[in-house]
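Following: one structure in structure tokens, then a few remarks.
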Amino acid sequence: MQDSTPKKRHAPPLLRITLLQMIVVGVFAAFSLRLWRLSVVAGEGYREAAKENRTRLVKTDAARGVMYDRTGELLVRNVPRFNVLLIPAYLPDDDETKEAVLQRLQELLDVPLVSDYAPPPYPPYWGTAKPGLREQVHEGELYAPYQPIVLKKDLPQDTVFAIEEEHLDLPGVLIEVDPYREYLTGPLTAQILGYMNPIPSWATEEFGEEQGYDPDDMIGIAGLEAYYEGVLRGSKGTRTVEVDVAGREVQTIGNQVPPQAGDSLILTVDLDLQRYVEQVLRAGMAKAGSESGVAIVSKVDTGELLALVSAPTFDNNLFAQGISSRDFAQLNTDPWHPLVDKAIAGQYPPGSTFKLVAATGALARSGYPTGTIPTTPSWRSPFTAGRTTMDMDMATLPSSPPWLFRATSTSTWLEAVFSTGSRGWV
């Protein structure tokens, strides 16, 4: 009896081997094509991306010039301080680990995780309060992930040591040494030297990247710090550094451009005389019951300024390390305006001092060749009693307004004032 069950037919062994070979060749061809695309077609882009992750361009601040008085006594100098920076690109990708890093920074730096005002859901964060750690990181990740964010300035040494000890657990966190200005004479010369502040919004075009400034740079805002900003600041240097996975510097590679220090200033001010003039001014203000005053001492032959005191004044060291909103509001709302240098920015009626200008112009073009003007009975004064004419010497001694009014009433008086002024009378 025969078995009627149909038998299975198997493919010949040679056919199966051929198919397997074709599959293996196809897989290797696909891998080879992918490898060629990665290494040849897109290789340059990946090399640049790897280089950017491995290296970072660092700008080196130039030492700002200092100032001396005429005898060589130091008035302002640069003092180093420690700042903590954060590069968002080097924070962990895991949200839980990133949050742990931010919480640890909050404990070390005593800064809020979230600001004390409600910002919009996306940057920029408008408001007067500084954004918290989370907002700063979020904004940095969106706009400039490799741009360092200054989290806090002027750290105490124990905090710096703690951050350095935990640097493996704080990826992207760096310590920077940054100099700030120390005004050794404080309020005594604040109106002369001025102070520095971060670049205000109205000056971003004048002090932008094209001029060599970064958004977080400090500039002179008032006094000589502002007037000689271009002389004092110097020029920044650059260097390319290799960094590890935590964003910390490993070594410097490539060519470096060293920073150029700013020039220092030697002033004509005599500090000892400045102190003496301030004492005299304070005594005079107290005697007169005045809350404000100005005293200026200069050399008549050269015009050199030897002393300049404006009262009330302020301590420009408040601005050096970042003035608080409370202190600034107190200075800004003071009715006697201590931030205003009353020697150059105050507005005062000229009074009798302008009479010399008027009299000079009158003598030049008044039409009285002898410099005398007939008097009238209305000029009632002990100095004019019995006189029928009056010259400038007689008129300026009692400071006679009628004489000056009569002398300047000609049509050519204004022209005379300008012409005499051009010859050095005014």
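Any read-out appearing in this document is the output of simple, stated calculations on the displayed coordinates, not a laboratory observation. As the structure is a computational prediction, the values presented were derived from the model and not from experiment. Glycine also receives a Cβ, built like all others from the backbone with ideal geometry; neighbour counts cover every protein chain displayed.
Points to keep in mind about this one:
- Shown in residue order for region 13-29 are the 3J(HN,Hα) couplings computed by the Karplus curve 6.51 cos²θ - 1.76 cosθ + 1.60 at θ = phi - 60°: x, 5, 5, 5, 5, 5, 4, 5, 4, 5, 5, 5, 5, x, 5, 5, 5 Hz (x for Gly and Pro).
- For region 159-267, alpha-carbon Rg over 2.2 N^0.38 Å: 1.36
- Using the Karplus relation 6.51 cos²θ - 1.76 cosθ + 1.60 with θ = phi - 60°, the per-residue 3J(HN,Hα) values for region 193-202 come to 6, x, 7, 10, 8, x, 4, x, 5, 7 Hz, with x marking Gly and Pro.
- Exposure proxy order (Cβ contacts within 10 Å, fewest to most) of 319, 28, 207, 328: 28, 328, 207, 319
- Along each principal axis, taking the top coordinate minus the bottom one, the Cα set of region 123-218 gives 47, 34, 27 Å in descending order.
- Cut-off under 5 Å, modelled amide H: who pairs with residue 180 long-range: 79, 81
- Straight-distance candidates among the aspartates and glutamates for linking to residue 355, with alpha-carbon spacing under 18 Å and chain neighbours fewer than 8 residues away dropped: 391, 393, 415.
- Interchain or long-range residues, amide H under 5 Å from residue 265's placed H: 66, 67, 68
- Between region 59-91 and region 201-222, the Cα center-to-center distance that results, in Å: 16
- In sequence order, calculated HN-Hα J values of region 296-302 (Karplus, 6.51, -1.76, 1.60; Hz; x Gly/Pro): 10, 10, 9, 7, 5, 6, 10
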